[in-house]
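> Here it is, the structure in full.
The values are calculated or read from the model by the stated rules, or taken from the named source; none is laboratory data. The structure displayed is predicted, hence computed values, not measured ones. Ligands, DNA and RNA are stripped out before the accessible areas are found, and what is left, the full protein with its side chains, is counted by its heavy atoms. Shrake-Rupley method; radii C 1.70, N 1.55, O 1.52, S 1.80 Å.
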Amino acid sequence: MRRLFAGLFCALLLASPVLAAPPLPADPRAARAVQDYVRQQQVEQNKDRDERVAARLDALENNPASPVLANPQGTVTIVEFFDYTCPYCKAAEPRLMQLVDKDKRVKLVMKEFPILTKASMIASRMALAAAKQDKYRPFHLALMRRDGVLDEAGIVETAKAVGVDVARARRDMNAPEVNDEIIANFNLARGIRVFQTPAYIVGTHLVTGDSADINFAKEVARAKGK
């Protein structure tokens, strides 16, 4: 199984499309032409991603194996691909939770996407095992708010602190449905060209750019057609 996930991670990295801006020429007209070209390429890339999202929308929004942190009946869905060891995910989490706690029309679907460290995979497996005990939300929030370098001991400590039966969870961490969910998330991420965390889909739009600059309320309003 470790080899399987290592292979998936390597495949993601190798397939990642990097749109690097070329050096600008000295001639102002040529420089503008280059900038216009790069912008157009970005527009086309964003359109391609959104089309890929639309083609996979049901799997993104409605997989019963994916935990839901906010209103399951919400009229606008946010899907988050995240890693528990990702500092950018942790930094954005309070703003995202503030939004969904305030706007009850938003459904928040969590896609466990453990790509950064060995602890990432352990944390995701523990989270999905905690979901079997109806402890996903408290475990997820506690782990996202935990300071310091994450390791297995910290993951287990957090699980115990929120009332997870750790002995049971250790058995459930390797259950076939847990494996299936993580593999499905890797495949979805690759299908919509997501190769890093965090990544957010709001409605049918894959939000790009620095996570610190994302205005979640604005993105939700856009998805609602306002």
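> Computed over the Cα atoms, what is the radius of gyration of the stretch 49-115 divided by 2.2 N^0.38 Å, N being its residue count?
In units of the globular-protein estimate, the stretch 49-115 measures up at 1.12.
> Please give the Cα centre distance for the stretch 171-204 versus the stretch 100-170, rounded to the nearest Å.
The stretch 171-204 and the stretch 100-170 have Cα centres separated by 15 Å.
> Roughly what angle does helix 118-131 make with the longest principal axis of the chain, taking Cα atoms, 0 to 90 degrees, to the nearest 10?
Rounded to the nearest ten degrees, it is 60.
> Just how many % of Cα pairs in the stretch 133-226 lie over 22 Å apart, if you round to the nearest whole percent?
I get 50 percent for the Cα pairs in the stretch 133-226 exceeding 22 Å.
> Probe radius 1.4 Å, ligands and nucleic acids left out: which of THR85, THR117, THR75, THR158 has the largest accessible area, and how do the rest follow?
If we order THR85, THR117, THR75, THR158 from most to least accessible, we get THR75, THR117, THR85, THR158.
> Continuing with the same structure: Helix 28-55 versus the longest principal axis of the chain: what angle, 0 to 90°, nearest 10, using Cα atoms?
With rounding to tens, the tilt is 40 degrees.
> Roughly how much of PHE195 is accessible, in Å² to the nearest 10, using a 1.4 Å probe?
Rounded to the nearest 10, that gives 30 Å².
> Explain nothing, just compute: Karplus ³J(HN,Hα) = 6.51 cos²θ - 1.76 cosθ + 1.60, θ = phi - 60°, for every residue of the stretch 94-108 in order, whole Hz, x for Gly and Pro.
Running phi through 6.51 cos²θ - 1.76 cosθ + 1.60 with θ = phi - 60° gives x, 5, 5, 5, 4, 5, 5, 6, 8, 9, 6, 8, 9, 9, 10 Hz.
> Next question, about the same structure. Identify which of ALA184, ALA153, ALA130 has the largest mean-square fluctuation in a Gaussian network model of the chain, with springs joining Cα atoms closer than 10 Å.
Among ALA184, ALA153, ALA130, the largest mean-square fluctuation in the Gaussian network model of the chain belongs to ALA153.
> In whole Å and largest first, what semi-axes does the C-alpha gyration tensor of the stretch 107-163 yield when each eigenvalue is scaled by 5 and square-rooted?
16, 14, 10
> Now a separate question. Give me, ordered by chain and number, the residues 5 or more places off PHE113 or on other chains with an amide H under 5 Å from its own placed amide H.
Result for PHE113 returns PHE82.
> Can you sort LEU150, LEU116 by 1.4 Å-probe accessible area, starting with the largest?
Result, largest first: LEU116, LEU150.
> Any chance you could give the angle, 0 to 90 degrees and rounded to 10, that helix 176-191 forms with the longest Cα principal axis of the chain?
Roughly 10 degrees, rounded to the nearest 10.
> When the accessible area of the stretch 119-183 is computed with all protein chains present and a 1.4 Å probe, what percentage of it is carbon and sulfur?
The computed percentage sits at 49.
> Can you run phi through the Karplus equation (6.51, -1.76, 1.60; θ = phi - 60°) for the stretch 139-146 and list ³J(HN,Hα) in whole Hz, with x for Gly and Pro?
Those phi angles translate into 5, 4, 5, 5, 6, 5, 9, 6 Hz.
> Could I ask something else about it? Could you derive backbone 3J(HN,Hα) for the stretch 216-222 from the dihedral phi with the Karplus parameters 6.51, -1.76 and 1.60 (θ = phi - 60°), listing whole Hz in sequence and x where the residue is Gly or Pro?
Ordered by residue, 3J(HN,Hα) equals 4, 4, 5, 5, 5, 4, 4 Hz.
> What base-10 log of the normalised intensity I(q)/I(0) is obtained for the stretch 90-187 from the Debye formula, alpha carbons as equal point scatterers, at q = 0.15 Å⁻¹?
At q = 0.15 Å⁻¹ the computed log10 ratios are -0.61.
> Restricted to Cα positions, what overall size does the stretch 142-184 have along the principal axes? Three whole-Å values, descending.
30, 22, 14 Å, listed from the longest principal axis down.
> For Cα pairs less than 8 Å apart in space and 6+ apart in sequence, what is the mean separation divided by the residue count of the stretch 62-211, i.e. the relative contact order in percent?
32
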